[in-house]
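I have placed the structure first, in the form of structure tokens, so that the comments after it can refer back to it.
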Amino acid sequence: MTHASLLSQITDFANRANPYPLYEELRKTPVLHEEEDGPYVISSYWDIKNLLHDPRISSDAANVTAPGDDELSGAEATGLPPSFIRLDPPEHDRLRRIANSSFGPPHRPTRIDSMRGELAQIVTGLIDGFGDARQIDVVDQFAYPFPVTVICRLLGVPREDEPRFRSWVDPIVAGLDPDTRASAEAMKTAQEARLQLGMYLNGLVEKRAREPQDDMLSDLVNSHGPDGAMTAMEVLSTAVLLLIAGHETTVNLITNGMLTLLRYPQHLQRLRDDPGLSVKIVEELLRYEPPVQLVPQRTCITDIEVRGVTIPKGSRIWLVLAAGNRDPERFPDPDRFDPDRGDIQHLGFGSGIHSCFGAPLARLEAQIALAELARRLDNPQLVEDPPPYRPNAVLRGPRHLNITFDGLR
């Protein structure tokens, strides 16, 4: 295997089912720069961690001077201003603080935990919906609809509007896949869905400004903290961020989790016997099979030296989180799925100022979902292994996960 071919192999769909041997090869060259206009690819745990905390690394696309593109370009092309994950301080910090004030401590310390009962109810309803079937697609019938319902409840979308909301979400999320973006018709559908969703959310924002309720959208619209209030467009941009970024990643976390547990039936049985094990299982999953494999939207705003390599100002940097998560210099026996692993400071939710905003919710969703699937499904088995994967190398997960089972408990 030559270094010149390594990055193209990592992004090649043929290797989507198991990119980890390629990541192992990648770590042999901790700072890989294949082509003059190509990105600088970072793959070791400590280098990634350090760069995620380095103020010389920018998330603002305006700082890119090197030509090129990445797989997530256009994923948030909503006609709205950039969400805070695409901004740098101080603007990033202002918007994130306002959003955090309605999402968790110190202003809303119980918002996520108080959803526990509602999340369990949604999960139970989806599993009950399997009925007498003995084969299901975990993605289409469970992992996909679950986060959409959750985000609707969190934002304050009326129950009667949830089906309409889902009809817009489907083509928007599909637009994250590179093959969808290659289809003019599919992209036209996605753009139309974005427009409809934006108009709907705008109407909901105006309504919440007049009649606040106990939901996140009302908090964002009526925030009056030390950072002031978000503009209407910033509220919309944040809502769409929660929808898009929070949806696909959670789908992949749950689906990758079920796939891994079916490959490790001893841990599936342990989870069935002890639902509390879901906390440790989800943390190890975030290391072992992270839903976000790499972060390609980073730029250095000055020359930076990493491992003796000077990365010039304006260059694109790819941080391969999944490679860092299996770095043997950080995690012993990294290719083994081990929920009993002790020190597990993984990169599954990133790190630094851009660490995953929705991590508390994603964790809770995955814990409840996997524990209940383990408890309710009698003798679940994979129909095919590996399953078919989505094309995207960044947001990596199965497109379908067909399983059989003997019945529901």
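Computed quantities for the displayed model
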item: Residue-normalised accessible area of the chain, given per residue in Å² at a 1.4 Å probe; result: 41 Å²
item: Of G348, G38, G125, the one that fluctuates the most in a GNM where the chain has Cα springs shorter than 10 Å; result: G125
item: Within the accessible area of region 27-66 (1.4 Å probe), percent carbon and sulfur; result: 47 percent
item: Length-normalised contact order of the chain in % [C-alpha pairs under 8 Å, at least 6 apart]; result: 27 percent
item: Centre separation in Å (Cα based) which lies between region 362-408 and region 188-267; result: 23 Å
item: Distant alpha-carbon pairs in the chain (separation over 31 angstrom), percent; result: 38 percent
item: Percent carbon-and-sulfur accessible area, region 113-256, ignoring ligands, DNA and RNA, probe 1.4 Å; result: 52 percent
item: Gaussian network model of the chain, springs between alpha carbon atoms under 10 Å - residue of G397, G104, G129 with greatest fluctuation; result: G129
item: Heavy-atom accessible surface of region 294-409: percent carbon and sulfur, 1.4 Å; result: 47 percent
item: Inter-part distance where region 314-339 and region 139-165 are each reduced to a Cα centre, Å; result: 32 Å
item: Most mobile of F130, F349, F337 in a GNM of the chain (Cα contacts under 10 Å); result: F130
item: Relative contact order %, region 256-373, counting alpha carbon pairs below 8 Å whose residues are six or more apart; result: 30 percent
item: At 1.002 mPa s and 20 °C, Stokes diffusion of region 219-351 via Kirkwood alpha-carbon radius, µm² per second; result: 121 µm²/s
item: Highest-first arrangement of 12-24, 369-381, 240-252, where packing means the average Cβ count within 10 Å; result: 240-252, 369-381, 12-24
item: Paired Rg and Dmax values of region 112-153, which use every Cα atom, in angstrom; result: 11.1, 33
item: Shape of region 303-360, Cα gyration tensor, a/c cut at 1.5; result: oblate
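The values are calculated or read from the model by the stated rules, or taken from the named source; none is laboratory data. Nothing here was measured: the structure is a model prediction, and the numbers come from that model. In this analysis, Cβ positions are derived from the backbone assuming ideal geometry, glycine residues included, and neighbour counts consider all displayed protein chains. SASA here: full protein model, heavy atoms, side chains in, ligands and nucleic acids out. Shrake-Rupley method; radii C 1.70, N 1.55, O 1.52, S 1.80 Å.
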